[in-house]
Structure formats: C-alpha cells, structure tokens
Amino acid sequence: MPISIDLLTRKETHFLLWRPGATDVPPTLFIGLSKDADAVTANFREIALQSSIVFPELWEVAAASCGLVEGSVYYYWFKVRNTTPYDPASSKQVLYCTDPIAYTIDKRTPAPIPQQVPVGMTGISSSDPASVILFRGGKLVPCDVDGSTVDLSTDRSPAGLPANNNLVIYELPTRWTRITSRDSIEIGNGTFQDALALLVPELSSPTFPNVVALNNRAHLLELGINALELLPPADSNQTERWGYGTANFFAADYELGFPAAPGSKPAAATTLAKLIETCHTEGIRVFKDTVMAFATGTSIGNINFLDFFIKFNSGDPEQGSRDGFGGDLIKYGLFVRGYDPVSGTNASLSPARALLKAYLFHWMTYYHIDSLRLDSVNNIANYDFLEEVKDFARAVWKERGGRDDNFLVIGESIGFQRAMLDQKRLDSFWNEDFKARVKPAVVGRNNNSDPNFETTIRKAIDCRNLNLGFTDGSQVINYITSHDVEGECAERLYNYLDFNNVAGKEERIKLAFVCLLTAVGIPMILAGDEFADRMDNDIFSVSGDARDRRKQVDPVNFSRLDDEWRKRVFYYVSRLVKFRTKSAALAVNDTDFIHVDFTDGKRVLVWKRGGGDEIVVVVANFSDWGTDTRQSNPEYVVRNWPSLPAGRKWYEVTQDRDVPLAFAGRETIVAWEAKVYAAIL
C-alpha cells in the first residue's frame, strides 16, 4: 500500500478541524474571498462544522457545500473556545484561529474579533494569520496568496542525488543572508528568492541588489557544495531570528517568502519549491532543519493545548529537564483512542506524534525535501518517537524513489547521546567534538580533554577515535562553526582567531578547512566561513535575550568577498569542496597516520585516506616551523610515503597542480600550511 496521510487526503475536499478541546462552543469555519480580506467582518461568513459520525473528534464541512467560487482564493479561520491553561479566563473566551494544517498563511490579515459568541462568552483577538486555500476543480488546493501553485512534476528523481558519504553541506541561515556593505550593517531578512540567487547566475538578490558578490554569479555553484541545509523553513513568528519557534508547521515561512522589495508579494510556497527544484537540478540535496521539541505561538495551543503540549511547571512528568526555550513543549507520552490522521482508522495514538508525522510527510512529498536535521533531540526526549520518525521518513523517501545511502535523519543535541546511534534511533549526529578540536589545533593547542596535541588531531580527523560509537562517516556531521555562534570555541573561526591574537588568519583558516574536508564524517560549512566572514554583532558585551537576538541577526557579509585575501580563502576552500564531493578515498572510513613529527618545534602530521588505487595523503603543519628555503635543496621528507598506484599521478588539490613523482613526499612546507595529495588518473 502506498504511504499516505488520511487527514491530508480528506483535506482535499473538506475543511477539517481535528481534536478541538472544547466543543461546548461548537467550532465553525469563518471564510471569505481573499480580495475581501480588508473587510473580513462584513463580507466573511460563518459556516457550521459537523462532528464526523465515524470519528466524533474530527469536525468537518465539505468544500462543495460552502458555496465557493471556482478558481478563487479564500482566507479562513476556525472559531473555537480557547483552551490555553495559562489564562483563568480562557474558558469564557472565543477566538478565530489559523488552521493547524494550513499550507499557506497571510500575516497581512490577522484574525478579527468574533462577533457571534454565546451568551456569557467574550470574543477576543488571537491575531492569528489567515489560512489560505484555492478552490479549483471542486477541490481545496494549496496555493500562494495570488493563487499560484507548486508544480514539482519535473523535479529530478531522488535516485540521482548524491550519496551521504560524498556530501558537503552548506548551512544557510536565510534570515540573515544579506548585508549592504562592509562599512554599514543593515539587518534585513534574506528570503527564499535571495537564497535562489546563490544558485542562478542570472538572478539578483531582491532584498539586497547592490551586493556585487551576490549578483551575476552563483556563489554556491562556484563553491561546489552538494547539500544545502536551510535553517527552519516552516513558518515562525520570530521575525529576524532563525525561526526555531515553529508556529505553522505545514506552511513555508511567510517572511522568507516575502522580499522587502518594490512590487514583491507573499510567495513562500512557490519560491521555496523553486529553490528546492533548482538545487536538485544542480545535483544538490536539500536538508530541512526540523523543530519537534517545542512550538511557539501555534494555533493548536488555543484549539486543544493539553492534548498536544505540556503545561509548564504543572507537575507533568514528561516535562522533566526538557527546555522549550520560551515555547511550549510537545507532549509525546499521551495516548488516546480515536481517529488516527495517518491511517484514517480508529486506533490508539499519540495526537502529537500523528500530527508531526503528517507534517514530515507533507514536506517530503509536497516540497521534495530529501533529508532531515532534527533540532534539540535532547528536548524531544523520546527515543521511541525518534526511531518512529526515522523509519517513517525513510519509508517515504524510498517510496519517492530514493536510495538508502542518499537520505539521512540527523540529530542535534546538547551533549551527544550514544544510545541513539547504538539503538538505531537516528542515522547521524552533529559532532561538536570536531570544532572543539580543530579550533584549538589551528592556534597550536590541544583540546583540554586530550592528553596531547597528537591525540587532538587523531580524534578530529577520524571520529572513530572518539570512542563514542561512531562506525561510519555518514553517522557524523563535522563543522568548524555552526549557526549557534555563542560561547567559547563556538564563534566564527575569524573571531576565534582574533580572540587568540592570531594575526595571520588566512593560513590558519585554510588549515582548518583541510582538516574539515579530509576528515572522516560529512563536512558542513556555515554560510560565510568559506570566505572568512566575521561576526559583526557584538554578542559578548550583553547577555540573555539581547545576546540571543544579536547572534541570530548577525548578517553574512558577502561583500567581504571583495577582499583579495578572502577571495584566496574562498577559491582554496572551493577546490577542496569540489574534490571532496568526487573523491572515492574521502568517502570511505580508512584513515592511517603515516608520519608524526614533533621534533625541533615541529608539529607535522601526515594522514592517508582511502586504499587501493584511491588514496589521498594530507601533510599538515600545525606550527610556526617551516622548511628553510635558504638551503640549496629545501625539502621536508615524509617517511612512509605510499607507493603511487599504477597508471596514476600525484595531484596537489589546494594549489591545483600536478606533482612529479620525484617530489612526492619531499616538498617544502611553510608554517601553518597543509597540502592535499591525491593519486589520480
């Protein structure tokens, strides 16, 4: 049987409200044409919802019975009695709320105050955005506010997308993608269209059209990455932040679909779909950053809070040490019997689990997302559900035509939890240990938990040496910096070097990228690090929410690519990235440290990756020492240099040059330099 979600299938022909928590005020549909959105009180209608005979907790009305006009776009809300447990007056409040499974929302039109309320009740404003839907061909069709619809019928087959062990991921926080110049910081939301300009040479950034480095070139194609990870693209009310407080799970983010440019219109669904399709055309996978530990400002909190969320500090044992970061923790331990929105049967189910599986199904089938990064899994705190998500997502992926080796469900956690891998709850994990080793290494220090410098490098380059249970590179996401740039060793590499009084940053940054792109594990690059961007916002002189906000709106300053030394860094990294995505030697786990030299002030380590005909040798100097070029025949000899496979030649990746056989393992080396030698045909 094909995988389907019964609730979403029913939604094609009916307006549906699942599990309203208070039906003493019967729920209604409040609906009108989108062109009348400026007069919702006068021109909108209330239509009664009926409780299903088969499933009493499912309230519905057939679209065909609502007098809708063919080809028209409608705005709508559901009227419910408030169920939030935090306001003692909520049991007497009636409000209009966004459809929890709305595919598109329009924040320009907030919900009005209900005028028709029972005696003894009070109508209040929820300020919820309008739910948006198109009525076409007798069905309710997802659309943008102008009626445009997503069409991914010609999208590339998932079977042809890159394998996990060949990936280089680019982490793009779209909410701070643009800046006006090096001298004047302007905080502005990057959008899906701005991100698209990173992939299409002919496109300009609609939000910041004057940034030369972003127009008439395709930054991500030049860099060579083959996976794009979008920070949460689902709709959030946290404007100018990263968007980790999801409000409308099924809708693409409103602000990210609405460039602040003349003539722009909200188009989140179609522009996100275009971005994803363009990525796939270029052989780039798209990872969705997914938040399932908590939600912020979602209408479900008014519709039926206690079925889906934990009341904070209520004594609910499911809260434990979980942190909602100001949002509402999602409740996974409650099981009820009733309508299962996944199977469409009467079953025992967790309402939250069922809703979120429907959410993942929608994003994977409607938008063609092809991998998931699960945020803050320690605050999901439910191993069974994580495994359920992984298995369900993989089943959907296989049904779409994907392969086992080109899909991942990745966990991010404060503190690695080995059991999640041992028990196969998740496929992969973010590896904080890599950044905690590579950054100290490029300033000449070992990690505080390691007995010596050599151990730090060995653990950074081969994650299996961490003794954390990693057995394959696809289980590990390595990074120098991630979007969470707060705290010692977490800041951008440029700033880290600055704080450590390193003047010659170019060499150290290049060395860090050699480690990242030749280590066992999947490398991930935070947008901007590839050209040595720095943090412009001071997050260290403030604390609390002020610090949190500043780090979340620190812009990626693409105009810094004008600097010649940063261009050198960019093209250096680009050569490594493009090599990594094609190298068979770097796609396997084989790692052998063939040379270690700590004599006379040196810290030179040489590691070999791969085997047979496919080998890569990295010579890395983590010290101020360099070959004395005043000598008549300056060279640094690497003991145990491997034999060159028959029919191949040595090629040095970082400088894009062939290396004569006589010079292999005998070249000069300067302070803080790394060279990457590959045996190629």
With respect to the numbered conditions (1) closer than 23 Å to Met535 by Cα; (2) at pLDDT 95 or above; (3) assigned to a loop (DSSP other than H, G, I, E, B), which one is the sole condition not fulfilled by Asn478? (3)
What pairs come up if the first residue lies in the range 297-317 and is modelled with pLDDT under 95 and open to solvent by 30 Å² or more (accessible area, probe 1.4 Å), the second is among the aromatic types (Phe, Trp, Tyr) and in a helix (DSSP H, G or I), and their beta carbons are under 6 Å apart, counting only those six or more places apart or on different chains? none
Which of (1) open to solvent by 60 Å² or more (accessible area, probe 1.4 Å); (2) touching a residue at least 60 places away in the same chain (Cβ under 8 Å); (3) more than 35 Å from the chain's Cα centre (by Cα) is the odd one out, the single condition Val604 does not satisfy? (1)
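Can you tell me which residue in the range 257-272 is most open to solvent (accessible area, probe 1.4 Å), limited to those that are of a type in the set (A, V, I, L, M) and in contact with a Ser or Thr (Cβ under 9 Å, 6 or more places away or on another chain)? Don't jump to the end; show me each part of the working.
Going residue by residue through the range 257-272, those that are of a type in the set (A, V, I, L, M) are 260-261, 267-269, 272.
Applying the additional criterion that residues be in contact with a Ser or Thr (Cβ under 9 Å, 6 or more places away or on another chain) yields 260-261, 267-269.
Details: Ala260: 91, Ala261: 24, Ala267: 12, Ala268: 12, Ala269: 4 Å².
The residue in question is Ala260.
How many of the residues in the range 44-95 are touching a Lys or Arg at 6+ places or on another chain (Cβ under 6 Å) and on the phi > 0 side of the Ramachandran plot? First the steps, then the outcome.
Of the residues in the range 44-95, the ones touching a Lys or Arg at 6+ places or on another chain (Cβ under 6 Å) are 57, 71, 85, 94.
Restricting the remaining residues to those that are on the phi > 0 side of the Ramachandran plot gives 71.
Total meeting the criteria: 1.
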What's the number of the condition Tyr254 fails, among (1) aromatic (Phe, Trp, Tyr); (2) under 22 Å from Tyr366 (Cβ atoms); (3) crowded, with 24+ Cβ neighbours inside 10 Å? (3)
What's the number of the only condition in (1) open to solvent by less than 40 Å² (accessible area, probe 1.4 Å); (2) free of Cβ contacts under 8 Å to residues at least 60 places away in the same chain that Cys515 fails to meet? (2)
How many residues of the range 63-91 are open to solvent by less than 20 Å² (accessible area, probe 1.4 Å) and either out of contact with any strand residue (DSSP E or B) (no Cβ under 8 Å at 6 or more places or on another chain) or over 30 Å from Gly147 (Cα atoms) (or both)? The answer is 2
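Taking Asp472 as the residue in question, decide whether it is under 24 Å from Asn406 (Cβ atoms), open to solvent by 10 Å² or more (accessible area, probe 1.4 Å) and charged (D, E, K, R). Outline the logic, then answer.
Details: under 24 Å from Asn406 (Cβ atoms): yes; open to solvent by 10 Å² or more (accessible area, probe 1.4 Å): yes; charged (D, E, K, R): yes.
Taking the combined requirement at face value, the residue satisfies it.
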Say whether the condition of being surrounded by fewer than 20 Cβ atoms within 10 Å (Cβ to Cβ), among the hydrophobic types (A, V, I, L, M, F, W, C) and either modelled with pLDDT of 95 or more or within 30 Å of Pro440 (Cβ to Cβ) (or both) is met by at least one residue in the range 612-623. no
Pairing a residue in the range 201-223 that is of a type in the set (Asp, Glu) and loosely packed, with under 15 Cβ neighbours inside 10 Å with any residue that is part of a loop (DSSP other than H, G, I, E, B) and at pLDDT 80 or above, where Cβ atoms lie under 6 Å and the two sit 6 or more apart in sequence or on different chains, gives none
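Need a quick list: strands (runs of 3 or more DSSP E) entirely within the range 567-667 having at least 3 residues that are out of contact with any Lys or Arg (no Cβ under 8 Å at 6 or more places or on another chain). Before the answer, list the steps.
Numbers: elements: 591-597, 604-611, 614-621, 649-652, 657-659.
Hits in the range 567-667: 604-611.
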If I ask for residues that are open to solvent by 30 Å² or more (accessible area, probe 1.4 Å) and either acidic (Asp, Glu) or over 15 Å from Ile225 (Cβ atoms) (or both), which ones from the range 558-575 would you list? Asp562, Asp563, Glu564, Trp565, Lys567, Arg568
Return the residue satisfying two criteria in turn: it lies in the range 44-55 and is open to solvent by less than 80 Å² (accessible area, probe 1.4 Å) and not hydrophobic (A, V, I, L, M, F, W, C), and of such residues it is nearest to Asp24 (Cα to Cα). Ser51
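Let's see how each residue does on (1) surrounded by fewer than 20 Cβ atoms within 10 Å (Cβ to Cβ); (2) at negative phi; (3) touching a residue at least 12 places away in the same chain (Cβ under 8 Å); (4) more than 22 Å from the chain's Cα centre (by Cα):
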| residue | (1), (2), (3), (4) |
| --- | --- |
| Leu426 | no, yes, yes, no |
| Ala441 | no, yes, yes, yes |
| Asn448 | yes, yes, no, yes |
| Asn452 | yes, yes, no, yes |
| Ile477 | no, yes, yes, no |
| Ile480 | no, yes, yes, no |
| Cys489 | yes, no, yes, no |
| Glu506 | yes, yes, yes, yes |
The range 318-342, residues that are among the polar types (S, T, N, Q) and loosely packed, with under 14 Cβ neighbours inside 10 Å: Ser321
Reported set for the range 372-393 where residues are assigned to a helix (DSSP H, G or I) and open to solvent by less than 10 Å² (accessible area, probe 1.4 Å) is Val377, Asn379, Ile380, Phe385, Leu386, Val389, Ala393
Here is a list: Asn447, Asn452. Which entry is out of contact with any Asp or Glu (no Cβ under 6 Å at 6 or more places or on another chain) and under 21 Å from Ser482 (Cα atoms)? Asn447
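Yes or no, residue by residue, for (1) at pLDDT 95 or above; (2) part of a strand (DSSP E or B); (3) touching a Phe, Trp or Tyr at 6+ places or on another chain (Cβ under 7 Å); (4) closer than 22 Å to Ser125 by Cβ:
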| residue | (1), (2), (3), (4) |
| --- | --- |
| Pro26 | yes, no, no, yes |
| Ala39 | no, no, no, yes |
| Ala42 | no, no, no, yes |
| Ile47 | yes, yes, no, yes |
For the range 115-131: of the residues being crowded, with 20+ Cβ neighbours inside 10 Å and in contact with a helix residue (DSSP H, G or I) (Cβ under 7 Å, 6 or more places away or on another chain), which is nearest to Lys11 (Cα to Cα)? Ala130
Applying the selection to the range 394-424, what residues are touching a Ser or Thr at 6+ places or on another chain (Cβ under 8 Å), modelled with pLDDT under 90 and open to solvent by 50 Å² or more (accessible area, probe 1.4 Å)? Ile414
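Table: residues versus (1) surrounded by fewer than 18 Cβ atoms within 10 Å (Cβ to Cβ); (2) touching a Leu at 6+ places or on another chain (Cβ under 8 Å); (3) not acidic (Asp, Glu).
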| residue | (1), (2), (3) |
| --- | --- |
| Tyr636 | no, no, yes |
| Ser643 | yes, no, yes |
| Val653 | no, yes, yes |
| Ala664 | no, yes, yes |
| Thr668 | yes, no, yes |
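What number of residues within the range 279-291 are under 17 Å from the mean Cα position of the chain (by Cα) and among the hydroxyl-bearing types (Ser, Thr, Tyr)?
Matching residues across the range 279-291 total 1.
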Within the group Ala227, Ala195, Ala130, which residue is aliphatic (A, V, I, L, M) and modelled with pLDDT under 95? Ala195
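Which count do you get for residues in the range 668-681 that are in a strand (DSSP E or B) and touching a Lys or Arg at 6+ places or on another chain (Cβ under 8 Å)? Please lay out each step first, then the result.
At the first step, the residues of the range 668-681 found to be in a strand (DSSP E or B) are 674-680.
Narrowing the set further to residues that are touching a Lys or Arg at 6+ places or on another chain (Cβ under 8 Å) leaves 674, 679-680.
Of the residues in that region, 3 qualify.
The values are calculated or read from the model by the stated rules, or taken from the named source; none is laboratory data. What you are looking at is a predicted structure, and each value in this text was computed from that prediction instead of being measured. As a convention, Cβ positions derive from the backbone with ideal geometry for all residues, glycine included, and neighbour counts pool all protein chains shown. Just the protein is used for accessible areas: all its heavy atoms, side chains included, with ligands, DNA and RNA removed. Shrake-Rupley method; radii C 1.70, N 1.55, O 1.52, S 1.80 Å.
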